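Values in this text are rule-based calculations from the coordinates and carry no lab data. It should be emphasised that the depicted structure is a prediction, and the values quoted were computed from it without experimental measurement. With ideal geometry, Cβ positions are generated from the backbone for all residues, glycine too; neighbour counts draw on all protein chains shown.
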Amino acid sequence: MPNTDFPIPKFHFSVEWGGTKIAFTEVSGLNKEMDVIEHRVGSSPEFFKKKMPGLQKLGNISLKRGVFAGDNEFYQWYNTVAMNTVERRNITISLLNEAHAPVVVWKVKDCFIVSLKCSDMKSDANEAAIDTVEIANHGFTMEHVA
């Protein structure tokens, strides 16, 4: 039986992105927003606009991972852009429990890279080199696994 006294920690997760299984250090930007449409007719006895849901806005998702010798997969995916075509991938992001099993799963569809940021370099740094990609998407679903 799951422990409902505490929220799920966010530090144990996996990303299936259509490339080799190299772990990511950070995922951010799983955002959805909805525009609001305001409308009021001139004969309304109420002196405010009524609101109704409008179009959805989807945030870009940032994925960060370590730089490894010989690994060129982010660059290869980024370079699939040609005129108005690009390789789109479905991505699955899973929050894991102690047994490494998914507890919450986000399925993101039709993703493509819109930004690729290479690691900064510092002569006195004591940390791993990290690349960041920002991906556009066409929506996601979220499911809780029992």
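Express in nm, to one decimal, how much length is gained between Ala101 and Tyr75 on full extension, taking 0.36 nm for each residue of separation and deducting their alpha carbon distance. List each step's numbers first, then the result.
Values: separation 26, 0.36 × 26 = 9.36 nm, distance 3.01 nm.
Result for the pair: 6.3 nm of gain on full extension.
How big, on average over all directions, is the shadow cast by the Cα convex hull of the stretch 1-133, in nm²?
Details: hull surface 61.8 nm².
Average projection, Cα convex hull of the stretch 1-133: 15.5 nm².
To the nearest 20 Debye, how big is the dipole of the chain about its Cα centre, given +1 on the beta carbon of each Lys and Arg and -1 on that of each Asp and Glu?
Values: 16 positive and 18 negative charges, 117 e Å.
Using only the charged Cβ atoms, the result is roughly 560 debye.
Lys/Arg Cβ at +1, Asp/Glu Cβ at -1, dipole of the chain taken about the Cα centre: which of Leu30, Trp77, Pro53 is farthest positive-ward?
Pro53
Between Phe68 and Glu46, what is 0.36 nm times their sequence separation minus the Cα-Cα distance? Round to one decimal in nm.
Net length gain for the segment: 1.7 nm.
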